[in-house]
Amino acid sequence: MNVLEEIIESYNKAVFDTDRATAIQVVADGLDKGVSPEDIVFKVVIPGLDLMVKAISEGYDTNLAQHFMTAQIAADITERMLVKFSAPPKYIGHVIFGTASGDLHTLGKRIVIGCLKAQMIDVTDLGVNVPAEKFVDTAVACDAQVIGVSAMMVHTARGENGALKVRKLLHERGLEQRIKLVVGGAPFRYDPELYKTVGADAWAENGVSASRIILDCIAEVAR
Amino acid sequence: MISSMDRLAAAARGEVLDHIPVFCNMFDQGARELGIPIEQYVSNGEYVAEAQLRMLKKYGHDNVWSLFYVGKEAELLGCKKIRFAKDGPPNVEDYVIKDFSDIEKLKVPDDITTHPAFAESLKCLNILRREVGGKTPICAYLTASMSLPAILMGMEKWLELLMLGSSDLRDLLLEKCSDFFRKEIEAYRKAGADIFVYSDPYGSTDIIPMSLFRDLSLKWMKRDLEPGGVDGVVYYVGGARLNPVADMVIRELGIGTFYPGPMDDIAETMRILDNRALCAAVINDIRLIDWTPEQVRAEVKRILHSGLNIGKKLFFGTVVMPFEIPDENIHAMIDAAKKYGSAAGFEA
């Protein structure tokens with residue numbers, strides 16, 4: 001096993017064990033052994049996120065705390081590595097993120113944003129209780145490819161001022177080919193068809209998987 | 001005449017009288033029943049009691065609730081602002097703990113029964129006890145010490161403290177939350193509640209790792225429940241899955257009733273409980289908004305048959321029924337639960 005392979009294995013174990021201190025130490029050791037900051041991000045951190053997404057999709061029993069720590073560790077290490085990059089990083093897309101109108105729950109948003117940042121996606125965090133107009137106006141101003149709307153309650157997930165209104169505005173302004181709408185949050189897990197009811201292009205079962213789905217949407221807009 | 005209380009006692013013994021108990025968690029629906037906004041509805045214990053009694057008569061289920069909204073507990077601990085919606089549950093808007101340094105300042109009231117935020121709950125409980133006490137189970141909702149911080153500081157901040165913060169600070173907060181829980185359950189017992197729904201989403205391995213559950217959750221659950229015991233206590237993890245921890249909770253705490261999430265396999269839950277505890281067969285009630293009555297009946301039949309195939313210590317339950325569920329689906333669900341939860345319906 002070479003140095004990079006050892007780092008990948010130790011890093012993934014630390015992430016699955018929600019052990020942030022060890023993950024950071026593994027990366028520091030890797031840098032000491034000559035691994036580049038670029039390789040840490042692109043060969044360790046991002047594949048680590050993909051591994052978690054794969055584990056979740058294959059039914060491996062993960063939990064919310066693991067998702068939170070995966071995002072936290074990935075975002076933290078990426079931020080530390082970016083300043084060490086030999087050339088400024090190239091962002092692959094821009095996402096506007098916030099919770100639906102009337103919704104004050106921030107945890108899912110934090111997990112998604114952490115994962116997106118670790119994948120070189122620029123994120124504008126609009127916070128909580130975001131009006132639909134603000135989502136769309138900001139997406140246009142930032143030339144974003146995706147709007148992400150998080151909702152933890154049934155009435156904010158399905159409500160007329162949430163994702164439904166974002167869709168309506170995107171349609172009215174002729175932006176549907178330019179900007180994709182992704183939703184997530186507990187009500188969508190309990191009703192996997194709900195994303196269609198609220199007019200979203202896609203949904204994510206959890207915060208970690210959301211980054212993969214958003215990446216696909218960015219690629220779709222680029223085509 | 002068989003009462004709801006008789007049905008529940010029979011179910012706990014593994015017997016079915018006319019049908020298994022049918023529990024419905026209807027909260028905001030009470031406002032619609034009285035034709036008033038949710039904010040007005042939850043401002044007065046008389047409204048809540050009256051709506052619970054009216055819905056009991058209208059739908060014919062087997063329980064009433066003294067819960068106004070979950071944020072009430074945060075109000076008892078100093079929350080000053082609740083956000084109301086026209087079509088959904090009230091939510092905590094002003095967190096009591098905005099910064100980790102607020103944990104030290106958090107004060108548990110000496111006597112929550114004299115707290116103004118509890119006065120309306122008491123009023124409601126008095127009416128319910130007077131009208132249906134001893135005949136229909138009166139439910140109270142209490143958040144476990146491991147989960148209460150989520151409504152005091154938000155889920156994000158609580159998970160941050162739990163996973164990344166100081167363990168001393170975490171334990172200080174948990175001790176205060178546990179002290180609060182002990183006072184709260186005692187107050188509800190004295191006020192006449194029969195069923196104590198011990199709500200602990202952070203007691204599910206959907207939320208935290210098993211190691212944390214073993215090392216932390218169990219310890220604080222024991223502390224919460226130690227003074228008053230587990231009589232009438234129902235283990236509920238907020239709609240998450242509880243199968244992976246059910247056996248441990250029975251062995252370590254002796255809780256006698258389990259309320260799994262709709263994503264738990266009810267047959268597996270029944271096998272794990274193995275006749276040691278009463279169990280709810282819980283429907284995924286978010287789907288009740290869009291399903292047809294036929295779909296509702298089919299799903300009720302499916303989950304009750306799955307559970308009753310394994311054992312008879314079973315009752316039917318919902319999670320927190322969304323406001324938007326059409327009336328005809330509530331009727332369809334309850335009628336189907338009575339039909340397929342009866343000996344004749346099960347055989348059919």
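Numerical summary
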{"read-out": "In the range A:180-214, the residues that are in a helix (DSSP H, G or I) and within 12 Å of A:Val112 (Cβ to Cβ)", "value": "A:Gly207, A:Val208, A:Ser209, A:Ala210, A:Ser211, A:Arg212, A:Ile213, A:Ile214"}
{"read-out": "Residue list for the range B:267-286, filter: buried (at least 19 other Cβ atoms within 10 Å of the Cβ), under 27 Å from A:His155 (Cα atoms) and touching a helix residue (DSSP H, G or I) at 6+ places or on another chain (Cβ under 7 Å)", "value": "B:Ala281, B:Ile283, B:Ile286"}
{"read-out": "Total residues in the range B:209-252, condition part of a loop (DSSP other than H, G, I, E, B), modelled with pLDDT of 95 or more and out of contact with any Ser or Thr (no Cβ under 7 Å at 6 or more places or on another chain)", "value": "6"}
{"read-out": "Given (1) more than 19 Å from the chain's Cα centre (by Cα); (2) crowded, with 22+ Cβ neighbours inside 10 Å, number of the condition B:Asp215 does not satisfy", "value": "(2)"}
{"read-out": "Helices (runs of 4 or more DSSP H) fully within the range B:75-188 counting 2 or more residues that are within 13 Å of another protein chain (Cβ to nearest Cβ), without any contact (Cβ under 8 Å) to a residue 24 or more places away in the chain and in contact with a helix residue (DSSP H, G or I) (Cβ under 9 Å, 6 or more places away or on another chain)", "value": "B:155-164"}
{"read-out": "Selection status of A:Asn206, within 14 Å of chain B (Cβ to nearest Cβ) and within 25 Å of B:Met263 (Cα to Cα)", "value": "yes"}
{"read-out": "Residues that are surrounded by 21 or more Cβ atoms within 10 Å (Cβ to Cβ), among the β-branched types (Val, Ile, Thr) and away from chain B (no Cβ under 14 Å), drawn from the range A:79-103", "value": "A:Val95, A:Ile96"}
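Okay, residues lined up against (1) in contact with a Cys (Cβ under 7 Å, 6 or more places away or on another chain); (2) of a type in the set (Val, Ile, Thr); (3) crowded, with 21+ Cβ neighbours inside 10 Å:
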site: A:Ile111; (1), (2), (3): no, yes, yes
site: A:Gln119; (1), (2), (3): no, no, yes
site: A:Val130; (1), (2), (3): no, yes, yes
site: A:His155; (1), (2), (3): no, no, yes
site: A:Ala163; (1), (2), (3): no, no, yes
site: A:Leu170; (1), (2), (3): no, no, yes
site: A:Gln177; (1), (2), (3): no, no, no
site: A:Lys196; (1), (2), (3): no, no, no
site: A:Ala202; (1), (2), (3): yes, no, no
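Yes/no matrix, rows are residues, columns are (1) over 28 Å from B:Val245 (Cα atoms); (2) in a helix (DSSP H, G or I); (3) at pLDDT 95 or above:
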position	(1), (2), (3)
A:Val26	yes, yes, yes
A:Gly30	yes, yes, yes
A:Lys43	yes, yes, yes
A:Leu51	no, yes, no
A:Ala55	no, yes, no
A:Gly59	no, no, no
A:Gln66	no, yes, no
A:Ala74	yes, yes, yes
A:Ser86	yes, no, no
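The values are calculated or read from the model by the stated rules, or taken from the named source; none is laboratory data. Note that the structure is predicted; figures quoted are calculated from it, not measured. So basically every Cβ, Gly included, is an ideal-geometry build from the backbone, and we count neighbours across all protein chains shown.
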